[in-house]
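The values are calculated or read from the model by the stated rules, or taken from the named source; none is laboratory data. Treat the numbers as computed from the prediction; the structure is a model and nothing was measured. Don't worry about glycine lacking a Cβ; one is built from the backbone with ideal geometry, like all the others, and counts go over all protein chains shown. The accessibility values were calculated without ligands, DNA or RNA, using every heavy atom of the protein model including side chains. Shrake-Rupley method; radii C 1.70, N 1.55, O 1.52, S 1.80 Å.
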Amino acid sequence: MKFTVALAQIKPVLGDLRRNLEIHREYIARAVERGSDLIVFPELSLTGYYLEDLVPDVALDPRRSDIFATLAEQSEIHDIDIVVGFVEVADDFRFFNAAAYLSHGELRHIHRKVYLPTYGMFDEGRYLAPGEMLRAFDTRWGRMGMLICEDMWHPSTTYVLAQDGAQVILCLSAGPGRGVRQQEKLGSRLAWETITRAASQAYMIYTLYVNRVGFEDGAFFSGGSEVVDPFGRPVVRASEPDETLLVAELDQQEIRRARTFYPLLRDERLDLTLRELKRIYAERHRLTGYDSSL
């Protein structure tokens with residue numbers, strides 16, 4: 001099965017949900033014109049990134065939000081699946097950096113960011129709660145997994161999703177440009193290229209990496225959105241840090257071909273990995289009564 005994906009490398013307006021919804025509608029229309037079956041927006045695409053004290057003001061409950069009702073309607077009218085980034089408010093009033101997958105007028109899956117960067121120029125842990133779950137989920141285009149920016153810097157997240165059956169990883173990012181330029185590229189951009197290509201090659205998956213652009217609170221967001229195939233090769237990539245819509249065709253036969261050449265997932269020793277991780281966890285936390293032979 002083949003299907004067409006669109007990556008919306010946009011510049012959200014900080015704290016302006018209505019303006020950002022209009023930007024989403026504009027890009028959805030452009031993606032539909034180009035025959036796309038799925039469109040993916042960056043991290044916190046509905047709100048902007050450096051929200052700080054604005055977090056409670058822009059947080060949404062997807063079950064009751066008219067913004068989500070509009071996006072769900074767009075997915076049904078245009079027969080296109082839509083992935084957006086937003087701040088989710090839970091029933092217990094905690095706030096999460098979240099990503100939502102909408103299809104055929106319904107909310108199909110939410111991923112809450114697991115790893116919140118709280119160092120250097122980042123302060124997410126002060127305003128947001130971390131997610132507690134990593135799950136792949138079924139779509140009409142195959143089984144997928146969602147990650148949000150820092151999540152993907154931890155290889156265990158991609159490992160878990162691949163073992164859970166994900167064939168496509170959707171990574172929503174608001175990654176600032178940082179580091180010394182090398183080969184005309186920022187260090188952060190080179191790092192993302194290494195991470196996405198290594199993940200695709202190691203687990204024979206498609207990786208859709210969507211980063212935002214523009215300036216916010218003095219930070220520069222460097223774009224570099226791209227699609228990487230199951231052999232770790234870039235299919236399409238944004239070369240400039242400008243707003244753009246990237247479109248690419250994904251072919252599930254390429255996943256089958258990669259996994260035939262490299263049957264690494266088939267040969268994975270989950271029992272061994274679980275046993276050794278339990279031993280390391282017990283030793284690190286000085287748990288008593290743990291039998292390392294189990």
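Can you tell me which of 194-203, 258-267, 144-153 comes out highest on packing, and rank the rest after it, using the mean Cβ neighbours within 10 Å?
144-153, 194-203, 258-267
Normalized C-alpha radius of gyration of the range 104-151, against 2.2 N^0.38 Å?
For the range 104-151, the normalised Cα radius of gyration comes out at 1.41.
Leaving out ligands and nucleic acids, and using a 1.4 Å probe, what accessible area per residue does the chain come to in Å²?
So the chain comes to 47 Å² accessible per residue, rounded to a whole number.
If contacts are Cα pairs under 8 angstrom and at least 6 residues apart, what is the relative contact order of the range 63-152 in percent?
22
Mind jotting down the distance between the C-alpha centroids of the range 172-228 and the range 107-137, whole Å?
18
Which whole-number percent is the relative contact order of the chain (Cα, under 8 Å, 6+ apart)? Numbers along the way, then the final one.
On the way: 614 pairs, mean separation 51.6, N = 294.
RCO, the chain: 18 percent.
Carbon and sulfur: what percent of the chain's accessible surface (1.4 Å probe)?
Looking at the chain in its full context, I get 50 percent from C and S.
Tell me, Kirkwood radius of the range 1-116 from alpha-carbon pair distances, in Å?
14.2
Which of the peptides 164-177, 114-127 is most tightly packed, and how do the rest follow, judged by the mean count of other Cβ atoms within 10 Å per residue?
In descending order of packing, they fall as 164-177, 114-127.
Kindly provide the Kirkwood hydrodynamic radius of the range 181-294 in Å, to one decimal, from all pairs of distinct alpha carbon atoms. Before the final figure, lay out each step's value.
Numbers: mean 1/r = 0.0583 Å⁻¹.
With all distinct Cα pairs of the range 181-294 included, I get 17.1 Å.
Arranged from highest to lowest average of other beta-carbon atoms within 10 Å per residue, in what order do the peptides 76-83, 8-15, 224-231, 270-277 appear?
Ranked by mean Cβ neighbours within 10 Å, highest first: 224-231, 8-15, 76-83, 270-277.
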